[in-house]
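Enquirer: Quick one: this structure, given as structure tokens, is what I'll be asking you about.
Each reported figure results from applying straightforward, stated rules to the coordinates on display, with no laboratory input. Bear in mind the structure is a predicted one, so any value in this text is a computation, not a measurement. For neighbour counting, all protein chains shown are included, and Cβ atoms are generated from backbone atoms with ideal geometry for every residue, glycine included.
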Amino acid sequence: RLLGREGFVIHGLEGLDEVSPQGETLLIEVSSETLREKILTPKDFGLKGKPLSSIRIREPKEGIERAKRILEGEEDEGLEAILMESSLGLLLSKKVKDLKEGIQVAKEVQKKGEGMRILEKVKELQNEGVFEKSL
């Protein structure tokens, strides 16, 4: 039972546990009343799509470096996938009306480097024990 909560379950049909930057993604919208399935593609986000190799990471250090660059506002071949994930989060939280608007908002935040500021704030709150108190 979800107790009034909503969520998305996402499965990239190439075998990913995230949105596929290349092909189809199964999205299951979960609410306390219903489950609805949709198939999404990069076009639903207003994007052309990128090959799976754009999100491939060879070692953990590379992943950390790429994530840091993206959060600081730099370009990266995997940025489109990050924007798609962000768009879904914005839609779920009702900050945007559709996936295309979510992409635009996510791009603006990313280009300003706001992601790193937000991450630092989350780390600060975690150090203060805010998250443990809310559980």
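Enquirer: Roughly how big is the stretch 1-73's charge dipole about its Cα centre, with Cβ charges of +1 (Lys, Arg) and -1 (Asp, Glu), in debye to the nearest 20?
Expert: Roughly 240 debye for the stretch 1-73.
Enquirer: How far apart, in nanometres, would the label points at R69 and E14 be if each is projected 7 angstrom from Cα along the Cα-to-Cβ direction?
Expert: 1.9
Enquirer: With θ taken as phi - 60° and the coefficients 6.51, -1.76 and 1.60, list the Karplus ³J(HN,Hα) couplings across the stretch 43-55 in order, rounded to whole Hz; mark glycine and proline as x.
Expert: 4, 5, 9, x, 10, 7, x, 10, x, 4, 4, 5, 10
Enquirer: What are the extents of the Cα atoms of the chain along their three principal axes, in Å, largest first?
Expert: Sorted largest first, the three principal extents are 41, 38, 28 Å.
Enquirer: Identify which of L35, L71, L27 has the largest mean-square fluctuation in a Gaussian network model of the chain, with springs joining Cα atoms closer than 10 Å.
Expert: L35
Enquirer: A follow-up question, please. Please state the relative contact order of the chain as a whole percent: Cα pairs under 8 Å, 6+ residues apart?
Expert: 18
Enquirer: Given an 8 Å cut-off on Cα distances and at least 6 residues of separation, report the relative contact order of the stretch 1-77 as a percent.
Expert: 21
Enquirer: Run the Debye formula on the Cα coordinates of the stretch 60-135, all scatterers equal and no solvent, and tell me log10 I(q)/I(0) at q = 0.11, 0.12, 0.13, 0.19 1/Å.
Expert: -0.33, -0.39, -0.46, -0.88
Enquirer: Starting with the fewest neighbours, write out D17, D44 ranked by other beta-carbon atoms found within 10 Å of each beta-carbon.
Expert: D17, D44
Enquirer: Taking the Cα of I39, stepping 7 Å toward and past its beta carbon, and measuring to each backbone N in the stretch 13-28: which are under 12 Å?
Expert: In the stretch 13-28, the label zone of I39 (backbone N under 12 Å from the point 7 Å along Cα→Cβ) covers 13-14, 23-27.
Enquirer: Which of the residue pairs K48/K121; K43/K111; K48/K111; K68/K100 have a Cα-Cα distance greater than 27 Å in the structure shown?
Expert: The answer is K48/K121.
Enquirer: Still on this structure, please answer the following. Positive end of the charge dipole of the chain (Lys, Arg +1 and Asp, Glu -1 on Cβ, about the Cα centre): tell me which of V105, F131, G73 has its Cα farthest that way.
Expert: V105
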